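Colleague: Quick one: structure below, then a few questions.
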Amino acid sequence: MNNYTENYIQTDEFPQQYIRNKENTVEGYPKLQKLMDLKEQQVVTHSTKAYGCRMNVDKMTPYLKKWLAEDGLNFDVVMIGCLSENQFLYPVLRSLPIDKLISKPGFLFIWASSTKINELSRYLNEEIVTKKFRRSEELIFIPVDKDSCFYPGMANGTDESLLDKMQWHCWMCITGTVRRATDGHLIHCNVDTDLILENETPISSTDSENTFESQTQTQKDSNSKHSSIFKKNNNCVPSEIYKIAENFSTATRRLHIIPGRTGLNMPVRLRKGWVIMSPDVMLNNFKPKEYIKETEQLLNLPEDPEIEKLRPKSPVQKPKYKNSAH
């Protein structure tokens with residue numbers, strides 16, 4: 001038996017608490033560290049300003065259809081869901097015009113807890129979805145322990161199993177044609193792993209400060225009685241989840257849809273380079289025409305020679321030649 005598994009049974013301490021490089025997964029690998037730093041700097045430099053679209057769940061689909069019909073607006077990266085159990089995942093997925101909302105090639109990330117994974121699988125197995133999207137990768141996020149704000153308590157509420165279902169799942173799907181060996185201007189593969197571990201320090205502390213700086217002084221004053229509460233809490237979306245999408249796709253048009261309320265204890269903070277649609281997003285400043293004007297000059301991040309030198313690449317297959325008969 002694995003020692004950490006036995007230790008969990010005896011002490012109720014999760015094995016991931018003993019992983020030493022949770023805060024910096026590339027510790028001891030200077031080239032990977034430099035690659036991560038360069039990627040982060042590039043994304044920040046070429047990101048749009050942070051946009052929020054405050055919208056009740058039942059209004060999301062009509063508004064998205066309005067963006068498509070009136071503004072011709074679509075995105076290259078769409079993320080749906082966050083690390084909250086209170087999400088109307090399946091009905092929202094069924095109603096969203098996802099195939100029209102995402103450009104080709106485009107990338108779809110859908111997050112769900114263990115209790116929602118059957119709903120997610122049911123949706124992805126529907127014929128109308130399989131014709132337009134293909135599953136590429138499954139990503140996993142694991143909270144550090146039961147005290148984490150990302151611990152999916154509802155997944156274990158009625159389960160008498162000895163083991164806890166604490167992971168969050170994400171299916172990454174692709175529409176259109178993209179090849180990892182030849183389309184380096186569109187995707188950067190193998191920069192991150194498919195397993196994300198929560199840091200013991202607040203995951204989104206840096207992003208939280210950036211979020212507050214992006215709000216107007218008037219909004220800060222009007223929400224002053226809540227600001228101290230917000231600063232003490234995490235984002236309902238760990239920054240690592242955003243970074244996975246940012247590191248993989250070079251596209252600059254990114255949309256995040258959160259189909260459910262998260263409440264004051266799990267605020268929906270803004271992030272540069274993303275349009276975040278949620279009933280509880282902290283700032284409501286999205287204007288389609290302004291966004292289109294801001295993104296039309298740079299749809300993909302420019303190629304960086306240093307990043308190209310450092311990032312992992314898939315080998316280009318050599319053409320096969322048939323031996324001629326003599």
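Colleague: For residue 253, which of the numbered conditions (1) charged (D, E, K, R); (2) farther than 19 Å from residue 57 by Cα; (3) modelled with pLDDT under 95 fails to hold?
Modeller: Unmet condition: (3).
Colleague: Which one is nearest to residue 150 (Cα to Cα) among residues in segment 104-134 that are small (Gly, Ala, Ser) and surrounded by 17 or more Cβ atoms within 10 Å (Cβ to Cβ)?
Modeller: 113
Colleague: Being assigned to a loop (DSSP other than H, G, I, E, B) and surrounded by fewer than 17 Cβ atoms within 10 Å (Cβ to Cβ) is the filter here, so list the residues in segment 31-54 that pass it.
Modeller: Within segment 31-54, 46, 49 meet the criteria.
Colleague: Out of segment 11-30, which residues are loosely packed, with under 15 Cβ neighbours inside 10 Å and over 14 Å from residue 144 (Cα atoms)?
Modeller: 11, 24, 27, 28, 29, 30
Colleague: Same structure again: Consider residue 61 against the criteria (1) assigned to a helix (DSSP H, G or I); (2) in contact (Cβ under 8 Å) with a residue 60 or more places away in the chain: it satisfies all of them except one. Which criterion is unmet?
Modeller: (2)
Colleague: Inside segment 151-185, can you point out the residues that are crowded, with 17+ Cβ neighbours inside 10 Å, at pLDDT below 85 and in contact with a strand residue (DSSP E or B) (Cβ under 8 Å, 6 or more places away or on another chain)?
Modeller: 152, 155, 166
Colleague: Now for a separate question. Can you tell me which residue is farthest from residue 32 (Cα to Cα) among those in segment 266-316 that are free of Cβ contacts under 8 Å to residues at least 24 places away in the same chain and outside any loop (DSSP other than H, G, I, E, B)?
Modeller: Restricting to residues being free of Cβ contacts under 8 Å to residues at least 24 places away in the same chain and outside any loop (DSSP other than H, G, I, E, B), the top hit is 290.
The values are calculated or read from the model by the stated rules, or taken from the named source; none is laboratory data. Please read these numbers as outputs of a predicted model, since none were measured by experiment. Note that we place each Cβ from the backbone using ideal geometry, even for glycine, and neighbour counts take in every protein chain shown.
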